[in-house]
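What follows draws every value from the coordinates through simple rules; no lab data is involved. Just so we're clear, the structure is a prediction, and the values are computed from it rather than from any experiment. Positions of Cβ are backbone-derived with ideal geometry, glycine not excepted, and every protein chain shown enters the neighbour counts.
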Amino acid sequence: MTIQTKQCNRVNYGGTRAATRYIVVHYTSNRGDTAKNNVDYFARENVGASAHFFVDEKETWSSVPEACVAWHCGAKSYRHPECRNSNALGVEICMNDKQGKVRQASIDRAVLLVRALMAKYDIPVDRVLRHYDVTGKHCPGPMVDDPALWTAFRAKLTQTEQEEEDDMRYKYYDDMPDWAQPTVKKLMDKGYLKGEGDGVLNLSEDTLKVLVVGDRAGLYEA
Ligand SMILES: [Zn+2]
């Protein structure tokens, strides 16, 4: 994963952090913003707030150095007994959607970053929290309104490679991309492709590509 850096304005964050025990997930709550927009803003302005990372569907940007305290989950009162700016890294997911929803690709990219941070600082998944879990703030909004989104996010943090691979497979004909369906239908009609029963085909994207190339080459016309 490539992480680009644009250092936050020095007035927006604190000194060296004592410990790194938690990761706090946020969203920027802006529509149509990018990670780059955010790091530019925090580099330029004096806003008295900050986060270590900003993620959108295409890029991951570092703003506050990991060793320093970013000001992302401070509050007058807390729901969480232990997690504070002084012991937590802050990750902001950028909205990047005109409907106000977090795009799945941005969530997926945040998963990759949080996973890398968990490994680097030996942080278990139960110490990955929403801003909401720390202070009660409605952040990241979509993952507070729909706890299933948050549950899915946390599940992905500990997913094994095999589970990930299974996730990437197209189980049913209807789920397959438009470019692959005519080929798959042809192969099913001809009885070349039988699947695993109950209509489960379980094909990877790579396999679909190979089948489509074969179709274009006329291999299945006999
Ligand atoms: Zn937040």
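Brief remarks on what is shown
- Backbone N under 13 Å from the ALA155 label point (7 Å along Cα→Cβ), restricted to segment 117-136: none
- J(HN,Hα) series, segment 143-151, from Karplus relation 6.51 cos²θ - 1.76 cosθ + 1.60, nearest Hz, glycine and proline x: 8, 8, 5, 10, x, 5, 4, 5, 4
- For the peptides 28-35, 5-12, the ranking by mean Cβ contacts within 10 Å, running from highest to lowest, is 28-35, 5-12.
- Using C-alpha pairs below 8 Å separated by at least 6 residues, the relative contact order for the chain is 20 percent.
- As a proxy for reagent exposure, ranking CYS94, CYS73 by other Cβ atoms within 10 Å from fewest up yields CYS73, CYS94.
- Each Lys or Arg adds one and each Asp or Glu takes one away; over the other residues whose Cβ falls under 14 Å from the Cβ of VAL69, this sums to +3.
- Listed from fewest to most Cβ neighbours within 10 Å, the set LEU149, LEU219, LEU211 follows the order LEU219, LEU149, LEU211.
- Helix 35-44 axis, angle to the chain major axis (alpha carbon atoms, nearest 10°): 20
- Within straight-line reach of LYS137, meaning a Cα separation under 21 Å, sit the following lysines at least 8 residues removed in sequence or on another chain: LYS76, LYS101.
- Translational diffusion of segment 3-159, µm² s⁻¹ [Kirkwood Rh, Cα pairs; Stokes-Einstein; 25 °C; 0.890 mPa s]: 161
- Convex hull volume of segment 112-222 per residue (C-alpha atoms, cubic angstrom): 142
- Taking amide H as placed 1.01 Å from N in the peptide plane, the amide H of CYS68 sits under 5 Å from that of ARG17, each at least 5 places away or on another chain.
- Cα-centred dipole magnitude for the chain, charges only on beta-carbon of K, R (+1) and D, E (-1), debye, nearest 20: 1000
- Taking amide H as placed 1.01 Å from N in the peptide plane, the amide H of TYR27 sits under 5 Å from that of ILE93, GLY141, each at least 5 places away or on another chain.
- Calculated [θ] (222 nm, deg cm²/dmol) that DSSP helices of n ≥ 4 give over the chain, each run adding -39,500 (n - 2.57): -10000 deg cm²/dmol
- J(HN,Hα) series, segment 204-212, from Karplus relation 6.51 cos²θ - 1.76 cosθ + 1.60, nearest Hz, glycine and proline x: 7, 4, 4, 4, 4, 4, 4, 5, 5
- On a per residue basis, the convex hull of the C-alpha atoms belonging to segment 169-216 measures out at 66 Å³.
- Estimated inter-spin distance, ALA148 and VAL11, nm [label 7 Å along Cα→Cβ]: 4.6
- For segment 72-78, Karplus couplings with θ = phi - 60° (6.51, -1.76, 1.60), whole Hz, Gly/Pro x: 10, 9, x, 7, 6, 9, 10
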